[in-house]
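Structure first, then comments.
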Amino acid sequence: MHTKISHSGIVESIGEGCVKVRILQTSACTACKVAGHCNAAESKEKIVDVLNVANPSTLKIGDGVVVCASRDVANRALLLGFGVPFIILVTVLVVALQLTSHEGLAALTALLALVPYYGVLYLFRNKIRQKLSFSLE
């Protein structure tokens, strides 16, 4: 099992302490021979920030680079982005449904319970960005 996730990309811009790299994120289907005729195959262009690049002066805009992240970084990102919100949503939904017996109110309460969570993520975004960062190979 690989311990790193990597994507080939092209340097878009070089700033102080941050290099922006354009990567093409593809689904597993795009390698298939009939992917051009199938609606399931998709690919998206994304710009990722690579922080704390060791020697950015060696890079130029348009250079090809490989952006990588460890599996731990990917797992933490998935947990923060999907796992914790799902647990909050389901827990508040079940509790609110038991307390009120009103499905609409319980659903609205569960959705509103996510607002503080995403607010906390926003407040700590710089700290999270440092922990969930990409690197260049």
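The values are calculated or read from the model by the stated rules, or taken from the named source; none is laboratory data. Keep in mind that this is a model prediction, so the values were computed, not measured. Glycine gets a Cβ as well: all are built from the backbone with ideal geometry, and neighbour counts include every protein chain shown. These area figures cover heavy atoms from the full protein model, side chains too; ligands, DNA and RNA do not enter into them. Shrake-Rupley method; radii C 1.70, N 1.55, O 1.52, S 1.80 Å.
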(Q) Can you say whether I5 is in contact with a helix residue (DSSP H, G or I) (Cβ under 6 Å, 6 or more places away or on another chain) and modelled with pLDDT under 85, as far as the supplied structure shows? (A) yes
Filtering the stretch 72-123 for residues that are open to solvent by 90 Å² or more (accessible area, probe 1.4 Å) and not acidic (D, E) leaves a count of 18
Flagged in the stretch 55-89 as more than 29 Å from Y117 (Cα to Cα) and free of Cβ contacts under 8 Å to residues at least 24 places away in the same chain, in numbering order, are N55, S57, T58
Of those in the stretch 94-137 that are hydroxyl-bearing (S, T, Y) and out of contact with any strand residue (DSSP E or B) (no Cβ under 8 Å at 6 or more places or on another chain), the residue nearest to V84 (Cα to Cα) is Y117
Within the stretch 42-71, of all residues that are assigned to a helix (DSSP H, G or I) and surrounded by fewer than 13 Cβ atoms within 10 Å (Cβ to Cβ), the one nearest to the chain's Cα centre (by Cα) is R71
Note on A113: of the conditions (1) touching a residue at least 12 places away in the same chain (Cβ under 8 Å); (2) closer than 25 Å to I47 by Cβ, unmet is (2)
